[in-house]
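A short reminder: the numbers here are calculations on the coordinates, not readings from a lab. It should be emphasised that the depicted structure is a prediction, and the values quoted were computed from it without experimental measurement. When we count neighbours, we look across all protein chains shown, and the Cβ atoms used for this are built from the backbone with ideal geometry, even at glycine.
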Amino acid sequence: MLNLFPDIARLSDARSRSLSAENPDGRKSGGAQAAPGDPGTTPAAARLGRGWKVRPCLRDLKPGQRIILADLKGPGVVRHIWCTVLTDVHRWIALRVYYDDNTEPSIACPLGDFFANGIDGLALVNSAVVAVNPKGGMNAYWPMPFRARIRIEIVNDGPKPIDEFFYQVDYSLEPVPDDAACLHATWRRSMTTRRRPEHVILDGVRGKGHYVGTYIVWNQLSNLWWGEGEVKFFIDGDPPDAPTICGTGAEDYFGGAWGFCMDHARDQRPTTYCTPFLGYPQAVYDPVGHGRTPPMPRVPAHGLYRWHLPDPVRFAQDLRVTVQALGWWPTGVYQPLTDDLASVAYWYQSPPAAVPDLPPLEDRLPR
């Protein structure tokens, strides 16, 4: 079995620190110092006083408000991020990460999508680097080395205040090896067309690094089967029509097969699953709109992930990643599909580079 923690038994001079609303700057001996009545504290702690659960979360994030969750001087490594927020706002919140003194982010994602939860915030994920537990406890264990500085921020791009935002950022202050690269992540959304049924997961990457993960929300706007298209990796100058790595189908890339169906003759609904490196945690069907006011049908939405931890895709100069949207015509030939795809690409490269910023809120809300 792959050893994910080869150094866990070795002693180290690294210093462990953590950020939360109870210790917003991560100071040693800086936790649990708020007193009842301080800004942002909860009335529930009025009888307990300082040292207890007085400021467990950020409160009343107003529309347009930017919150810096972490602004750390290195060298060090962010090792774990946990957060939770009420449902239906996961794409309102923009997550951005900046390295050193760069003014453009190297990570720019809707909050939910970064944690493999881009549909409704209700997916349960059990994987090696992302775990989402009931109800909506989102965890990421991607190592995030930083040398001079790292800044992690969120922005409420939604139309209403967000009452509560809980978070914790666990990190260590320690030397960073010369060959350690920085985590990058970018969110892209497109509507495929019959003339060009292709979604670009990643493009414009220049430099040396390795690709480590894909998360996709596939909103199915076409009938019947949707996952016949191939995932392609164009590495280090590959021509536009000749990738070095070419898979055999979307469900194959995410580790499944035969449409994710266990019994085609009796029930063609897909079976969801989570494994350490590949998963299909969410398949949402609501054909009659139960629980919606007014009742409205909802198109099928599929959430899938693949983490390239045992099999990173290495590149020395550049990288482009795409996926096709293909189904079947009744005549038995592939049907190009018009579907709505939103993806997150995760990769490491050094030095840190800028990624495209997020589009306006209307262009990232679920359809």
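Values computed for the structure shown
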{"item": "Residue of Val333, Val85, Val132 that the Gaussian network model of the chain assigns the largest fluctuation, springs spanning Cα pairs under 10 Å", "result": "Val333"}
{"item": "Approximate spin-label separation Thr338-Asp71, in nm, with each point projected 7 Å along Cα-to-Cβ", "result": "4.7 nm"}
{"item": "Dipole moment magnitude, nearest 20 debye, the stretch 211-367 about Cα centre, only Lys, Arg, Asp, Glu C-beta charged", "result": "400 debye"}
{"item": "Alpha-carbon centroids, the stretch 1-63 and the stretch 225-242: separation in whole Å", "result": "44 Å"}
{"item": "Pairs beyond 25 Å (Cα-Cα), from Lys28/Lys53; Lys28/Lys73; Lys208/Lys232; Lys135/Lys160; Lys28/Lys62; Lys73/Lys135", "result": "Lys28/Lys62; Lys73/Lys135"}
{"item": "C-alpha center-to-center spacing [the stretch 133-161, the stretch 329-367] in angstrom", "result": "20 Å"}
{"item": "5 angstrom amide H check on Thr193, placed H, neighbours 5+ away", "result": "Glu198"}
{"item": "Anisotropy class of the stretch 104-166 from Cα gyration tensor, a/c 1.5 cut", "result": "oblate"}
{"item": "222 nm mean residue ellipticity, helices alone, for the chain (DSSP H n ≥ 4; -39,500 (n - 2.57); rounded to 500)", "result": "-500 deg cm²/dmol"}
{"item": "Gyration tensor (alpha-carbon) shape descriptor, the stretch 148-267, a/c threshold 1.5", "result": "oblate"}
{"item": "Order by protection proxy (mean Cβ within 10 Å, highest first), peptides 46-59, 138-151, 66-79", "result": "138-151, 66-79, 46-59"}
{"item": "Global geometry of the stretch 58-165, whether rounded, prolate or oblate, following the gyration tensor of its Cα atoms and the 1.5 cut on a/c", "result": "oblate"}
{"item": "Sum of side-chain charges, Val97 neighbourhood, beta-carbon under 9 Å (Lys, Arg +1; Asp, Glu -1)", "result": "+1"}
{"item": "Footprinting exposure proxy for Phe315, Phe277 (fewest neighbouring C-beta atoms within 10 Å first)", "result": "Phe277, Phe315"}
{"item": "Percent antiparallel among DSSP beta bridges (both partners in the chain, rounded to 5)", "result": "95 percent"}
